[in-house]
1. How large is Rg over Rh for the range A:168-284, taking Rg from the Cα atoms and Rh as the Kirkwood inverse mean of 1/r across Cα pairs?
2. Where nothing but the Cβ of Lys and Arg (+1) and of Asp and Glu (-1) is charged, how large is the charge dipole of chain B around its Cα centre, in debye to the nearest 20?
3. Please give the charge dipole size of chain A, origin at the Cα centre, charges +1 on K and R Cβ atoms and -1 on D and E Cβ atoms. Round to the nearest 20 debye.
4. Mind pulling the angle between the C-alpha long axis of helix B:55-74 and the longest principal axis of chain B? Nearest 10 degrees, somewhere in 0 to 90.
5. Would you please give the residues with an amide H less than 5 Å from that of B:Arg12, counting only those at least 5 places away or on a separate chain, with H modeled from the backbone geometry?
6. Shape of the range A:316-357 from its Cα gyration tensor (a ≥ b ≥ c, root eigenvalues): rounded if a/c is under 1.5, otherwise prolate when a/b > b/c, or oblate?
7. Using only Cα atoms, tell me the angle between helix A:145-157 and the longest principal axis of chain A; keep it within 0 to 90° and round to the nearest 10.
8. Compute the acute angle (0 to 90°) between the alpha-carbon long axis of helix A:172-182 and the principal axis of greatest extent of the alpha-carbon atoms of chain A; round to the nearest 10°.
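Where a number appears in this text, it was derived from the coordinates with a stated rule and is not lab data. Computed from a prediction, not measured in an experiment: that's the story for all the values here. Virtual Cβ from ideal backbone geometry, glycine too; neighbours counted across all protein chains shown.
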Amino acid sequence: MLSMTNEEVKKAAAFFTKEIEKLASGRSLRLMEVCGTHTVSIFKSGIRQLLPENVELVSGPGCPVCVTPNEYLDTAIAYSRKSDVMITTFGDMLKVPGSSSTLAKEKAQGSDIRIVYSSLEALEIAAKNPDKKVIFLAVGFETTAPTAAAAILMAAEAHLTNFYVLSAHKLVPPALRALLASGKSHVDGFLLPGHVSAIIGLQPYDFLSKEYHIPGVVAGFEPLDILQAVYMLMLQIHDQTARLENQYSRIVPKEGNPSACTILSQVYQQTDAVWRGLGKIPNSGMSIREKYQAFDALLNIPIIVEETKEASHCQCGKVLRGLLKPSACLLFGKACRPEHPIGSCMVSVEGTCAAWYKYGAGRWQV
Amino acid sequence: MCLAVPGKILARQDMLATIEVGGVTRNVSVMLLPEAQVGDFVLMHAGFAVQVIDEEEAKKTLALFKELEQYAEHDK
């Protein structure tokens, strides 16, 4: 939508970086980009290198694959070993290590695991394979959760009896609250996730400024969107105010997408959820409501799951809270690499460790 | 995972819309965006249209970015 020449982009970027440097006036500041898609855009466009050294962008817990705990993967892997089950999943989940295996390894050994781009494809697969129990691995934040909810409504309408959902959906605002409540993350401002906000709107972030006096800006994903959002945060920090602002107004209306929110709450209810690195966070997950329990994999397909083990020395948990830079992890770039990931942050293309490795920050020191 | 792409709705039948993205057409569900109409630019995520793109707001952002060019030059 934003058609600009390279020269125009360069000049606008130069303006923002210069102003950001002036506003920071030498103070050390930490801004957290919450969304994994932002992390990738920031690394790809070299924004970290453009910003002055004292303004640091820290990645938060916004990569859904990264925050999915081992227990969920172990459950999915156990299901994939059943001969009457077919797993449908987004591709990112395949290489994520569980306690002792991955879905990719299980697939290589003959488990029926299909990669889909949409919950609708999982529905089609279920309709075409009535003799199999088709489980959709429902991972993702508020952007993705309504698409799984919609699939459940469609399955109910079509009277599909072999479509199930293993839900690991998570909600962003409760995780931010947990981060702040822990008092350890020391964040001076939040770059808030644009596409999550396109669904939930602005109100759920009100507590950032009202309760914690921390500025937040909902940001788009073009490099200039991100620079402008950092600039907006810096203006607030400079003026010692804390407001919630919206840089991404072309996509994010104040009220979000009410139809999607209605469908989401029709099918799911909020529940406590375990996040890798953050532990159990109250009301930060989604479970299927009683009315649609016929589609809940856990309630309908009995399964025995191996005892969950965490990879020793993996520091994903600290990385996800912005407490540790990937390069400070002993495994980074050595035992843990994209082709041989030990922790989930190295698996997903949106993972902080994977972005550090791929785009060079720290790559040459290892 | 929250990657989403913009496209234009070319046709719509019930809850299914044909959307053009960079010269390619594909079908997406408008179940989460029932108000979407033919001609709208929408944001798509995982097979669903999830938001209508506000063209006025997009123009404002673009105009602002282009305006900065002058300031960047004055600063030299």
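1. Answer for the range A:168-284: 0.97.
2. The dipole of chain B has a size of about 280 debye.
3. 740
4. Long axis of B:55-74 versus the principal axis of chain B: about 20 degrees.
5. B:Thr18
6. oblate
7. Long axis of A:145-157 versus the principal axis of chain A: about 30 degrees.
8. So the helix axis and the longest Cα principal axis differ by about 60 degrees.
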